[in-house]
Amino acid sequence: MTAPDPNKEDFSEFGVPGRYWHRLDDGRVQCDLCPRFCKLREGQRGLCFVRACGPDGMVLTTYGRSSGFCIDPIEKKPLNHFLPGTPILSFGTAGCNLTCKFCQNWNISKAREFDKLQDQAAPEQIAQAAVQTNCRSVAYTYNDPVIFLEYAVDTAKACRERGIKNVAVTAGYICPDPREEFYKWMDAANVDLKAFTEKFYKELCTSQLSKVLDTLKYLKHETDVWFEITDLIIPGENDSEREIDEMTSWVVKHLGDDVPMHFTAFHPDWKMMDKPRTPKSTLVRAREIAQANGVRYAYTGNVHDFDGASTYCHSCGHRLIGRDWYELSDWNITFEGNYSGNCNNCGEPAAGVFDETPGDWGRKRQPVRLGRKIPPAKPVTPSA
């Protein structure tokens, strides 16, 4: 009897067939999900850790296995213009296809042990849990959902059948064909635009800015997905006024002036413990630059800044939505007229996806396990 190869993993117990790959002439399998194009022999894992080569081709090793479930405020994703104030059922798996040295979810995204996967749930269970807890949407988050595409898509289909919206929190590093399938089932997304130089992406993330920009243009011009952009500003790395000016100018030119941008504060983490926290003044200045370049909805994040977190009418300056952290106060959006959200002062449309009344989930964070009865969130009345 041949002894098992200690350098070759057996994925037969938990691997499910993956999509987007092809076999090379030398017998290896190339993953075509993201632009890394990992080339693997049987028993090897890709850089993302969760996609691997089995005897019959590519497999996903985290289907139905999660790092945990939690009900969050949707503003935490962050999304300020998509069903404000509502609860969202959030989950992720393990691994990531980027190697960001500043990762702030590193205990999940950099996990290389399955003991990080603490809960199991089929797609239908997740969708039903969202219904039972009165969550308007499900977020694929904590680690990048593109790497567990098969699981995310099946879950999104189950959610859509039940009237639950789907939200992706992603770095946007994905190839064109899987990108089309993935976003077909998403209703909203927050895309992490980590910087605006290839040098930053290469040295700190081992990826490519150009591929992320391709995803942003695809979302804007080829889908109906509502999306917002987050830029985590790191002192000394991507915080120059010139870079922020170039980034925000590009956004307005290529994506339009109504794509919200969130400038958020860095804190020392993972392999970047030598950098200080981002000063609030840097975020405020980034917001000012964005607004000067025509970004209608620019926000500060990870700091307490009522003005920087609130939404204002781009026409008359009236406060549309007041936010204190994740608590909503002012609500000056009306549904009078032919648009799904107008300033009640001047009537100018506000970009986004709104209900007639806001949710009131607030700042609560409610961990849940799908194997036991889950207490519901307070019901939110959906728009027609």
Checklist entry - Let a ≥ b ≥ c be the square roots of the eigenvalues of the Cα gyration tensor of the stretch 1-75; is it rounded (a/c under 1.5), or, if not, prolate (a/b larger than b/c) or oblate? => result oblate
Item to check | Helix-only mean residue ellipticity at 222 nm for the chain, each DSSP H run of n ≥ 4 adding -39500 (n - 2.57), per residue, nearest 500 | outcome: -6500 deg cm²/dmol
Next on the checklist: Using 0.36 nm times the number of residues separating LYS202 and GLN132, minus their current alpha carbon distance, what extension gain do you get?
Outcome noted: 20.9 nm
Item to check | Difference of contour (0.36 nm per residue) and Cα-Cα distance, PHE335 to GLU13 | outcome: 110.7 nm
Next on the checklist: Quick check on the stretch 16-60: of the DSSP beta bridges with both residues there, what percent are antiparallel, nearest 5%?
Outcome noted: 100
Checklist entry - When only Cα pairs under 8 Å and 6 or more residues apart are kept, what is the percent relative contact order across the chain? => result 16
Item to check | Beta bridges per DSSP with both ends in the chain, % antiparallel, nearest 5 | outcome: 55
Checklist outcome for this item: Which residues qualify? For PHE69, with a placed amide H closer than 5 Å and at least 5 residues away or on another chain, they are VAL368
Checklist entry - Rg to Rh ratio, the stretch 158-307, alpha-carbon atoms and Kirkwood radius? => result 0.97
Checklist outcome for this item: Length gained, ASP56-HIS267, 0.36 nm per residue minus C-alpha separation, equals 71.6 nm
Checklist outcome for this item: Per the 1/(1 + (r/R0)^6) rule, R0 = 25 Å and r from the Cβ atoms of VAL284 and LYS364, FRET efficiency to 0.05 is 0.35
Next on the checklist: Rounded, prolate or oblate for the stretch 16-60? Axes are the square roots of the Cα gyration tensor eigenvalues, ordered a ≥ b ≥ c, and the cut-off for rounded is a/c under 1.5.
Outcome noted: rounded
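Bear in mind that the values in this text are calculations on the coordinates, not laboratory data. Keep in mind the model is a prediction, meaning the values are calculated, not measured. Note that each Cβ is placed from the backbone with ideal geometry, even for glycine, and that neighbours are counted across all protein chains shown.
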